[in-house]
Amino acid sequence: MRLVEHIRSADVAVGNLEMLFHDFEGYPAAVSGGTHLRGEPALLEDLKWAGFRLVSLANNHVGDYGIAGMLAHLAHVGASGLVHAGLGRHLGAARAPALWDSAVGRVALISCTASFPAGTQAGPDRADVRGRPGVNPLRLRTVYHVDDAGMAAARALKVQFEGGDEEPGGGEIVVAGKRFRRSEEPGLVKEADARDCAEILASVRAARGAADWVVFAMHAHASERGHRHRPAECLRCFSRDVIDAGADMVVGHGPHVLRGIEIHRGRPIFHSLGNFFYQVEGVDRFPGEVYEDAGLGPEATPEDVRARWRESGRSRFASDPRWADSVLAMPEFQRGTLDRIVLLPVLLERAEGSRWRGAPRLATGADAARILGRLVELSAAFGTEIRVLGGQGIVV
């Protein structure tokens, strides 16, 4: 209850809603965002009870039950009264900011995702053909940076399998959809789509002109190679561009673990605050393919699926304790200027068999020290200093 009191005390409480709320109006997608999610629509009232008023909907799970499930989710969230952004009936609606008049002024929320299954991104609306419902996409592509020997090998593969023998301008070769670029520093590099960046930043600028506060939410899994706790450089650069375009803060989520806090031009970038609720093991129904993939027959139950996941190590929440570490971030502004950020350490219940498994509570003692210590370390890489006082983190 103490955690809920902190949320309710905020002038504005924003969260990432990565659960689908529907009554199985749609059909399970052949490719889900990781597992097919579904929650009782009535639970949306619990989010409002806890104090949340704005939610971001752009993430990799909104297409788990196809377009019909997407639209049902959108309808249930809308009917609840929660202000939402990032999912729409066409691209323009998904890109658009959502507005809410709070006690401290009008708040705009923009939500996008850089992680999503193909086909779940929204499509543009036209006079002759309707746009496709979906998420506000920030498409990323992988570019393989290679040396001269790597480029020679890529060229040889292209000649052998595609018959091409010319290297495109700019020192790049595309083989079977993979892009290779000559570089002095070999490695895998993620790049954000230029059109998506331009359109999303235009939405941020429009929100800046229409609202007193602009919150930008970005769902993204991409990380530095081998470092899940560090965002891909393209995400960090885009987050700074979002601040430059007028956002008051960037709230990142998606990797399921903590990432550092960056301050850019006096505005916070939360690269990831971890999980707040993680109750995937409580999903009450799964499509037939899930049972088949788990090697289970038609007589199996959802609990059999979850047991098989735990046995195989697929349940990352059960096997990786870092997924239970989280932070409630409370930035405080004075006359439009960031004054400080209070960071409350949060721990998700991990006990096997507990009915509260995956639910959050304020962390204390050694748990709080570990969570805040990790965030101090991760944020130092961005030049951000966090002071730990009385079991809380403070960014001044």
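Structure above, values below:
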quantity	calculated
Subset of the range 8-49 (residues that are assigned to a helix (DSSP H, G or I) and either more than 22 Å from the chain's Cα centre (by Cα) or surrounded by fewer than 17 Cβ atoms within 10 Å (Cβ to Cβ) (or both))	Arg8, Ser9, Ala42, Leu43, Glu45, Asp46, Lys48, Trp49
Residues of the range 113-133 that turn out to be surrounded by 14 or more Cβ atoms within 10 Å (Cβ to Cβ) and either in contact with a Phe, Trp or Tyr (Cβ under 8 Å, 6 or more places away or on another chain) or among the aliphatic types (A, V, I, L, M) (or both), as a count	2
Residue in the range 231-238 that is closer than 24 Å to Leu17 by Cβ, of a type in the set (A, V, I, L, M) and at pLDDT 95 or above present	yes
Close pairs from the range 130-152: first farther than 23 Å from Cys234 by Cα, partner surrounded by fewer than 16 Cβ atoms within 10 Å (Cβ to Cβ) and among the hydrophobic types (A, V, I, L, M, F, W, C), Cβ under 9 Å, at least 6 apart	none
Any hit, the range 370-378, residues being outside any helix (DSSP H, G or I) and outside the structural domain of Ile7 (by TED's automatic domain parsing)	no
Segments classed as strands (runs of 3 or more DSSP E), wholly inside the range 80-148, with at least 2 members that are at pLDDT 95 or above and assigned by TED's automatic domain parsing to the domain that holds Gly254	83-85, 98-102, 105-113
Which listed residue is over 27 Å from Glu40 (Cα atoms), free of Cβ contacts under 8 Å to residues at least 40 places away in the same chain and loosely packed, with under 15 Cβ neighbours inside 10 Å, from Val175, Val104, Val159	Val159
Looking only at the range 53-79, and only at residues there that are of a type outside the set (A, V, I, L, M) and not in a helix (DSSP H, G or I), the one that is surrounded by the fewest Cβ atoms within 10 Å (Cβ to Cβ)	Arg53
Long-range neighbours under 7 Å by Cβ, at least six apart or interchain, first residue over 16 Å from Pro345 (Cα atoms) within the range 2-15, second at pLDDT 95 or above and charged (D, E, K, R)	Val12/Arg53; Ala13/Arg53
Candidate set: the range 36-59, residues that are touching an Asp or Glu at 6+ places or on another chain (Cβ under 8 Å) and touching a residue at least 60 places away in the same chain (Cβ under 8 Å); chosen: the one nearest to Ala79 (Cα to Cα)	Arg38
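Conditions tested, residue by residue: (1) surrounded by 22 or more Cβ atoms within 10 Å (Cβ to Cβ); (2) in a loop (DSSP other than H, G, I, E, B); (3) in the same structural domain as Ala96 (by TED's automatic domain parsing).
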| residue | (1), (2), (3) |
| --- | --- |
| Asp244 | no, no, yes |
| Ala247 | yes, yes, yes |
| Val251 | yes, no, yes |
| Pro255 | yes, yes, yes |
| Ile263 | no, no, yes |
| Ile269 | yes, no, yes |
| Phe276 | no, yes, yes |
| Glu281 | no, no, yes |
| Asp284 | no, yes, yes |
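The values are calculated or read from the model by the stated rules, or taken from the named source; none is laboratory data. Predicted model only: the values in this text are computed from it and were never measured. A quick note on method: Cβ atoms are made from the backbone with ideal geometry, for glycine too, and the neighbour counts reach across all protein chains shown.
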